[in-house]
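The values are calculated or read from the model by the stated rules, or taken from the named source; none is laboratory data. Just so you know, these numbers come straight off a predicted model, no measurement behind them. Cβ: placed from backbone, ideal geometry, glycine included. Neighbour counts: every protein chain shown. The area values use the complete protein model at the heavy-atom level, side chains included, leaving out ligands, DNA and RNA. Shrake-Rupley method; radii C 1.70, N 1.55, O 1.52, S 1.80 Å.
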There are 2 protein chains.
Amino acid sequence: MDRPELPLAQLHAFVVLAEELHFGHAAARLGIAQPPLSQQIRRLEDKVGHALFTREPGRVALTGAGRELLPAARRAFTDLADGLAAARAVGSGRTGRLRIGFAASLALTVLPGLLRGFRERFPGVRLDIREMTTAPQIAALRDKAIDVGLLREPPADDADGAGLAFRTVLTEPFVAVLPSAHPLAALRTVRLVRLADEPFVLLPRDAGPRLHDQIIGLCEAAGFTPRVTQRAVEWQTACALVETGLGVCLAPASIRRIRLKGVAFRAIEPNARTRVAVGWRADDPSPLVAHLLETVGRDPDSAR
Amino acid sequence: MDRPELPLAQLHAFVVLAEELHFGHAAARLGIAQPPLSQQIRRLEDKVGHALFTREPGRVALTGAGRELLPAARRAFTDLADGLAAARAVGSGRTGRLRIGFAASLALTVLPGLLRGFRERFPGVRLDIREMTTAPQIAALRDKAIDVGLLREPPADDADGAGLAFRTVLTEPFVAVLPSAHPLAALRTVRLVRLADEPFVLLPRDAGPRLHDQIIGLCEAAGFTPRVTQRAVEWQTACALVETGLGVCLAPASIRRIRLKGVAFRAIEPNARTRVAVGWRADDPSPLVAHLLETVGRDPDSAR
DNA sequence: GCGGTCCATACGCACAGAGATATCAGGCCA
DNA sequence: TGGCCTGATATCTCTGTGCGTATGGACCGC
């Protein structure tokens, strides 16, 4: 890529003159006087090394060299104008691509409203959403495989979260998930200690250590260590296991939305809540991330 | 076509930096110090309105906006470089198109050598050659339908030739064209007056008035007015008519080259010569015309 | 903690070039 | 022949900006 030889201003004058074929009119279109235009063209011709126009009195015409240069100059201008427009669109966040990781359990709660709100404001942005549990989202954020994550129980900033930022989107209570036929399902509220002897279904600790440990902690605070007999990667799966009688589980309240027959969701006592947060790279310059964070804060759906 | 917003120098710096992703190296490649490069990029970013690079300590990377602008800038540069090269090629006459009109009778004499010589020197130039008689060539030159004409007996500059220039390429004697069986064909030289009673074959006056009038003038100088019984547009045709016994004719000596059986070519007395000239628009800026004129002057074949 | 790397900033200089005004020269038409 | 249109030329001004040196601040590796 050599250093550019032809100033764009002169090429602009050239293109306009090639269209007008009249120095006075071209100068008017350029918003300058006629002598400067003559100079521009002259300088350009000096640099090219050949005349670009023939100036017979009365009519200005392109030379062969000018005819070669004209389309190239036009292409260069449209290239630059298009590129500039595209760069500004991306820079301002009106267009581009945003990769969002989300916990599967949010697909029925915050996610739809958030996506709807964002798409209304930025219809030109392509959203790549992919379902992932908490720990993979952290890794994907750091690897720049996703730009934003919607996850449960974010890590502390000074631990795994270095370089990442998180903001709580909402908190929700835990509920007990029981088979419908289970005796405790007859109660409106289940005291946690009553689950001490039940087999537990839990998510693998790898998927989201803090949420996992929080659940264990709740049980221990209630005076027992849960006996985990099954693991399931998804809450839906966990509920299905509960329904088949393989155990009970504690889950975020939004899990009610899946309306699985054969399982009952009951408030627990003592009360406990889990946080849903949005996470991103703290130094990400993308305006799309900023826009999404605004949308999270603004969207009334996400506040429920 | 709007006024260009982005100086090419800054775009150049941008492209190089995007390739190096290192201010120091990019500045070295540009042959400048590092601070000026930082300024260039900064100014460009100001004009675009968004950051084009992220400068995390240790690594420089393109932003989304930068990624949009980069290919456009590259395209613009290659467009301009190609266009400039093409314009210079055409401007210097290394390439382009040259339209040449020529009299059919020259196809066997000056034309082949001329074209060969020109093509050797300018292999990139496309030659459009078209056979035309003298008068149409004059009109075609003026209408810019051809750029150069090879013709016989050019008009005077102050008459039809206004704005056109001519240069004599060669002169050649007239010869008498006779049927082989004609009694005069037995002589080596034919005195013109001996043709006084013969029917004449001539080209139409419209095709080349000066040549036509010159032939008539020769006869009248010899003391008779030729009785024209046939017209033929081409010398070849005229010779064929002579062969069938429809008359005799006077033709430029190069007509011997057609080696038609049944006709004899004989020198005439008094001697008389006809001129072959090259013609062009006096104000034609095309370097190809100049090159062709040089070739006409230089080519040894054309001097024969 | 210390030097080294890397980029940004500050300041100054110099020059190209873009602009204006005024004027000139060549054709064209009345 | 004189007015008019068109484009070129001359001269001046001034701004943008390209480049340099000097310096500062952040981060990294030893």
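Scanning the range A:1-37 for residues that are free of Cβ contacts under 8 Å to residues at least 24 places away in the same chain, more than 9 Å from DNA strand C (Cβ to nearest atom) and away from chain B (no Cβ under 11 Å), we see that the one that is least open to solvent (accessible area, probe 1.4 Å) is A:Ala26. Among the criteria (1) assigned to a helix (DSSP H, G or I); (2) facing another protein chain (nearest Cβ under 7 Å); (3) not small (Gly, Ala, Ser), the one A:His50 does not fulfil is (1). For the range A:215-242, give me the residue count where each residue is modelled with pLDDT of 90 or more and touching a Ser or Thr at 6+ places or on another chain (Cβ under 8 Å). Residues in the range A:215-242 being modelled with pLDDT of 90 or more and touching a Ser or Thr at 6+ places or on another chain (Cβ under 8 Å): 2 in total. From the list A:Arg94, A:Arg67, A:Arg59, the lone residue that is within 30 Å of B:Lys47 (Cβ to Cβ) and basic (Lys, Arg) is A:Arg94. B:Asn271 meets each of the listed conditions (1) under 26 Å from B:Lys144 (Cβ atoms); (2) open to solvent by 70 Å² or more (accessible area, probe 1.4 Å); (3) of a type in the set (S, T, N, Q) apart from (1). Evaluation of B:Leu69 against the conditions (1) open to solvent by less than 40 Å² (accessible area, probe 1.4 Å); (2) within 15 Å of DNA strand D (Cβ to nearest atom) shows that the sole unmet condition is (2). Please determine whether any residue of the range A:94-105 is free of Cβ contacts under 8 Å to residues at least 60 places away in the same chain and either facing chain B (nearest Cβ under 7 Å) or in a helix (DSSP H, G or I) (or both). No, the range A:94-105 contains no residue that is free of Cβ contacts under 8 Å to residues at least 60 places away in the same chain and either facing chain B (nearest Cβ under 7 Å) or in a helix (DSSP H, G or I) (or both). Taking the criterion of being open to solvent by less than 30 Å² (accessible area, probe 1.4 Å) and closer than 26 Å to A:Pro136 by Cα, the residues of the range A:192-216 that qualify are A:Phe200, A:Val201, A:Leu202, A:Leu203, A:Ala207, A:Gly208, A:Leu211, A:His212, A:Ile215. For the range A:111-138, which positions are basic (Lys, Arg) and surrounded by fewer than 15 Cβ atoms within 10 Å (Cβ to Cβ)? Answer for the range A:111-138, where residues must be basic (Lys, Arg) and surrounded by fewer than 15 Cβ atoms within 10 Å (Cβ to Cβ): A:Arg116, A:Arg119, A:Arg126, A:Arg130.
State whether the residues of the range A:90-97 include one that is touching an Asp or Glu at 6+ places or on another chain (Cβ under 7 Å) and surrounded by fewer than 17 Cβ atoms within 10 Å (Cβ to Cβ).
Of all residues in the range A:90-97, those touching an Asp or Glu at 6+ places or on another chain (Cβ under 7 Å) come to A:90, A:97.
Next cut, surrounded by fewer than 17 Cβ atoms within 10 Å (Cβ to Cβ) only: A:97.
Yes: one or more hits.
Being more than 8 Å from DNA strand D (Cβ to nearest atom) and in a loop (DSSP other than H, G, I, E, B) is the requirement here; does B:His25 meet it? Break it down into steps so the answer makes sense when it comes.
Values: more than 8 Å from DNA strand D (Cβ to nearest atom): yes; in a loop (DSSP other than H, G, I, E, B): no.
Criteria not met by B:His25.
Which one of B:Gly297, B:Gly247, B:Gly262 is at positive phi, modelled with pLDDT under 90 and either open to solvent by 40 Å² or more (accessible area, probe 1.4 Å) or not hydroxyl-bearing (Ser, Thr, Tyr) (or both)? Before the answer, list the steps.
Working: B:Gly297 fails: at positive phi; B:Gly247 fails: modelled with pLDDT under 90.
Being at positive phi, modelled with pLDDT under 90 and either open to solvent by 40 Å² or more (accessible area, probe 1.4 Å) or not hydroxyl-bearing (Ser, Thr, Tyr) (or both) holds for just one of B:Gly297, B:Gly247, B:Gly262, which is B:Gly262.
Can you name every residue in the range A:41-66 that is within 16 Å of DNA strand C (Cβ to nearest atom) and open to solvent by 40 Å² or more (accessible area, probe 1.4 Å)? Selection gives A:Arg42, A:Arg43, A:Asp46, A:Lys47, A:Gly49, A:Arg55, A:Glu56, A:Pro57, A:Gly58, A:Arg59. Scanning the range B:106-135 for residues that are closer than 30 Å to A:Lys47 by Cα and either within 12 Å of chain A (Cβ to nearest Cβ) or outside any helix (DSSP H, G or I) (or both) turns up B:Phe122, B:Pro123, B:Gly124, B:Val125, B:Arg126, B:Leu127.
Scanning the range A:28-48 for residues that are more than 9 Å from DNA strand D (Cβ to nearest atom) and hydrophobic (A, V, I, L, M, F, W, C) yields a total of 5.
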